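Every number here is computed from the coordinates shown, using simple stated rules; none is lab data. Only a predicted model underlies this, so the values are computations on that prediction, with no experimental measurement involved. All Cβ positions, even for glycine, are placed from backbone atoms using ideal geometry, and neighbour counts span all protein chains on display.
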């Protein structure tokens, strides 16, 4: 059940040694079970706060953050390109640990959507003793295979749109590398054009749900550029999860950490092979495939709420759950 809308009862900024300031907010029960929501993108931000409705506010102390470089965090990536190289997955993980310590939280439930699921898994693998459970929706793991699919392979399904997308960054380099370079160009007009081309491509493939009409995803050019700048920066660097940091190769280390992976069968941007492979190698995890939806549809969000509620019933922070596949 999706819960009624609520507003934060507290908020602030986490000051980092490199000058970044990370916005955070808290809602729900201050004495409840701690949980943190990790948004997508990278660079989407918390938006209007709809994530809060997935948690029972009587049971959970709900924390949300705008990951560094986006939302209300400062500086914005697109306005401080000189800081972009310091914006990495490892920096985000350090931000999360610093925030957990600042808020006096011993361990928390992780809920991530899309890119947020990658960040949640990376955090859990580095800090398993700080995690009480994991609920992931529209699951990704940041692998090179996933990035090449979403920026090139899926063009086989949308060839007209991909041809326009490729034309916006001609050359021999990977298309994501080309856009990452253009979005750091000294000419504002070049950055603006690249951001618009990137937005058109994302809007095209993000959903196959009935009634979806590709169109503008952002209200202004600053928001559009900031999102595209962060996404291409992370994807061009394989989400900073290469080699020994690669999530797919480490996922078995989460054995015993309760996890629920919820994914739409029609998610053409991120095919169900990713959560399936993670589930196969993660003892105790549960995979729920929603047959009728794409990338984070309403039934997936209902099931996410249910999973978060079920995990609240677990008294032990490292309690095991029974694994299995379910199809809706």
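Summary of computed values
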read-out: Residues 262, 247 arranged by fewest to most Cβ contacts within 10 Å; value: 247, 262
read-out: In nm, spacing of pseudo-spin labels at residue 106 and residue 221 (7 Å Cα→C-beta vector); value: 5.2 nm
read-out: Rounded, prolate or oblate (a/c below 1.5 giving rounded, otherwise prolate when a/b exceeds b/c) for the stretch 146-239 by Cα gyration tensor; value: oblate
read-out: Proxy reagent accessibility, fewest Cβ within 10 Å first, across 148, 220; value: 220, 148
read-out: Tilt relative to the chain, helix 221-236 - C-alpha long axis, 0 to 90 degrees, to 10; value: 80 degrees
read-out: Packing-based order for 15-25, 110-120, 233-243, 164-174, using average beta carbon neighbours within 10 Å, highest first; value: 110-120, 233-243, 15-25, 164-174
read-out: Counting DSSP beta bridges with both ends in the chain, the antiparallel % (nearest 5); value: 30 percent
read-out: The stretch 146-239: relative contact order in percent, alpha carbon pairs under 8 Å with at least 6 residues between; value: 29 percent
read-out: Chain lengthening between residue 172 and residue 4 when straightened (0.36 nm per residue, less Cα-Cα); value: 55.5 nm
read-out: Average Cα contact separation per residue, the chain, under 8 Å, 6 or more apart, as relative contact order %; value: 18 percent
read-out: Ellipticity estimate at 222 nm from DSSP helix runs (n ≥ 4, -39,500 (n - 2.57)) divided over the chain, nearest 500; value: -10500 deg cm²/dmol
read-out: Alpha carbon centroid spacing (whole Å) that separates the stretch 110-183 from the stretch 226-251; value: 7 Å
